[in-house]
Amino acid sequence: MDTSVCRWLNAPLSRLLQAALVLSLLPQDAAAEIPLNMPVGVTDISRSVYDLHMTIFWICVAIAVVVFGVMFWSIIHHRKSKGAKAAHFHENTVVEIIWTLIPMAILIAMAIPATATLVKMYDTSDAEVDIQVTGYQWKWHYKYLDQDVEFFSNLSTPREQIENTAEKSEHYLLEVDNALVIPTGKKVRFLITSNDVIHSWWVPHLAVKKDAIPGFINESWAIVNEPGVYRGQCAELCGKDHGFMPIVVDARSPEDYQQWLLAKQEEKEQQAQQAAAATARTWTHEELMAEGEKVYARACAACHQPSGAGMPPVFPSLIKSPITTGDINAHIDIVVRGKPGTAMQAFGNQLTPAEVAAVVTYERNAWGNDTGDTVTPTDVQEHNAQ
Amino acid sequence: MNRFFSLLKSVTGAFLGVQSGKQLDNDAEEKSVWPFVITGIFMTVLLVIGIAAAVRIVLTNISG
Ligand SMILES: [Cu+2]
């Protein structure tokens, strides 16, 4: 062989071998740190899932060594240049049965611990905290079933980082405005469903990954041992911003959790008061436009785009569209109630009447729609009362 | 009885994916396909019942 080719082949090859050697010499703990592998996680279940994974991985390695070992040994030992003659026989039932039964036995042996773990994972009984998790395009909604606390959890990574005009932060695309706070050491049950399309609620460190399906409730659970922040993502392709609806679980000690709950309940009352005040006060057209622009950027621009042009045919343009330049009531209605069966969700429970009034006013006057209309919070309230 | 045993052997071979040439020649003696079909269905039912029973036993024993 041409020596230059040899050298060219050798350099990367030896580097690869070195890397493999370094990896194989690392202690077990360090191997778990290498992000190539799945995380051990922070629950007993996630630990047994990890252990199962490693056990099965090493079984596969052993099988590969034996099978390829025999194969390569045969290729080399019985090579033609040594005068090997091919055997001509048709079958060997005994050998065939053995190589069918051994894999079967290995599979069954692996199924035993796997089943034990699965049964534990499916046992959602006796939970101390129940949280309903609902997937939306493209955010999560969390509702603490016996606590009267609920909120949306939106991606909080600034647009500039996504558009590469700002440096990316440490938890780029894995950070939210409102994290899901849960107590440590308690069994938390997640009741997972969806408002629109199929999503999947996936937090690797909890070993929880469950499809969120509209009209169904899937259950899962976790007991987190250590306080900490654990991050996950939607794991079922759900449309344009599938990669922009992360999950952040913030596990706190039971005392801190109780405090957080109280604070959240207080915050809710404050927000209700603020919303009531905002509805009651009079807004100028300019104020509504300014507020509406903010609401639009936060709640609507993902689909209808900052320019209002949407992404037809999936997300309609709002520029001179029939509803944004037509009947005001129809406009309020589609924002408050949404359009069932489409991505246009009901914003009535996500926005206050003042915010709806602002965003409708904004849409009716931005991008050259110039209807001159002003929609007040009172208009929205009257519409809701109908 | 001998014939039934031979059918059973053929169908089990088909389930496992292992069959000997001798058994194949033996099967060719049969005049009709129906004995194989019926034995096949019978064994499938047995397999399904067997799996269902295994699952039931496991579930009652593990989850308690
Ligand atoms: Cu999703």
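Since every read-out is calculated from the coordinates, none of them should be taken as a lab result. In this text the structure is predicted, and so the values were computed from the model without any measurement. Quick reminder, even Gly has a Cβ in these numbers, built from the backbone with ideal geometry, and neighbours come from all protein chains shown.
Return A:R252, B:R56, A:R364 ranked ascending by Cβ neighbour count within 10 Å, so the fewest neighbours appear first.
Details: A:R252 18, B:R56 10, A:R364 23.
Going from least to most buried by this count: B:R56, A:R252, A:R364.
With everything on Cα atoms, drop me the angle between helix A:3-25 and the longest principal axis of chain A, reported from 0 to 90° to the nearest 10.
Taking Cα atoms only, the helix is inclined about 70 degrees.
Loop-only GluC sites (Glu not before Pro) in the range A:144-249, please: DSSP not H, G, I, E or B, and at most 11 other Cβ atoms within 10 Å. Spell out each step's value before the answer.
Working: sites: A:E150, A:E160, A:E163, A:E167, A:E170, A:E175, A:E219, A:E236; in loops: A:E163, A:E167, A:E170, A:E175, A:E236.
The qualifying sites are A:E163, A:E167, A:E170.
Which lysines have a Cα lying under 17 Å from the Cα of A:K268, excluding residues fewer than 8 positions away in the same chain?
Those lysines meeting the cut-off are A:K143.
How many angstrom lie between the Cα centre of the range A:150-217 and the Cα centre of chain B?
Spelled out, the Cα-based centre of one part sits 49 Å from the other.
To make sure I understand, if each residue's beta carbon is the centre and we count other beta carbons within 10 Å, what order do A:W140, A:W58, A:W283, A:W99 fall in, fewest to most? Don't skip to the answer; put the middle values down first.
On the way: A:W140 27, A:W58 10, A:W283 21, A:W99 13.
If I rank by nearby Cβ atoms, fewest first, I get A:W58, A:W99, A:W283, A:W140.
When chain A is modelled as a GNM with alpha-carbon springs shorter than 10 Å, which of A:E96, A:E128, A:E267 fluctuates the most?
Its mean-square fluctuation being the largest, the pick is A:E96.
Rounded to the nearest 10 degrees, what's the angle between the helix A:285-295 long axis and the longest principal axis of chain A, both from Cα atoms, 0 to 90?
Computed tilt is about 10 degrees.
Would you mind giving the mean number of other chain beta-carbons within 10 Å of the Cβ of each residue in A:86-94, as a whole number? Spell out each step's value before the answer.
Working: counts 0, 0, 0, 0, 2, 6, 2, 7, 2.
Mean partner shielding for this stretch: 2.
How far apart, in nm, are two points set 7 Å out from the Cα along the Cα-to-Cβ line at A:M104 and at A:K186?
5.0
I'd like the trypsin sites (Lys or Arg not before Pro) in the range A:83-158 restricted to DSSP loop residues with at most 15 other Cβ atoms within 10 Å, sorted by number. Mind showing how you got there, number by number?
Values: sites: A:K85, A:K120, A:K139, A:K143; in loops: A:K85.
Passing both the DSSP loop test and the Cβ count: A:K85.
Going by alpha carbons, how many degrees (0 to 90, nearest 10) lie between the helix axis of A:44-77 and the longest principal axis of chain A?
40
Loop-only check: which chymotrypsin sites (Phe, Trp or Tyr not before Pro) in the range A:207-262 are DSSP coil with at most 11 other Cβ within 10 angstrom?
A:F216
Using the crude model of +1 on Lys and Arg Cβ and -1 on Asp and Glu Cβ, and no other charge, please compute the dipole size for the protein assembly as shown relative to its Cα centre, in debye to 20.
Working: 34 positive and 48 negative charges, 518 e Å.
Dipole about the Cα centre, nearest 20: 2480 debye.
Find which of A:S46, A:P214, A:T378 sits farthest along the positive direction of the dipole of chain A, computed with +1 on the beta-carbon of Lys and Arg, -1 on that of Asp and Glu, about the Cα centre.
In chain A, that residue is A:S46.
Where does each of B:S10, A:S156 land when they are ranked from fewest to most other beta-carbon atoms within 10 angstrom? Show your work: numbers first, answer last.
On the way: B:S10 21, A:S156 16.
Final ranking by Cβ density, sparse to dense: A:S156, B:S10.
Based solely on its DSSP helices, what 222 nm [θ] is calculated for chain A when runs of n ≥ 4 H residues each add -39,500 (n - 2.57) and the sum is averaged over all residues, nearest 500 deg cm²/dmol? Let's see the in-between values first.
On the way: 11 runs with 171 residues, N = 386.
The helix contribution divided over chain A gives -14500 deg cm²/dmol.
Per residue of A:95-101, count partner chain C-beta atoms within 10 Å of its C-beta, then hand back the mean as an integer.
Working: counts 1, 6, 4, 1, 1, 4, 2.
Neighbouring Cβ atoms belonging to other protein chains average 3 per residue here.
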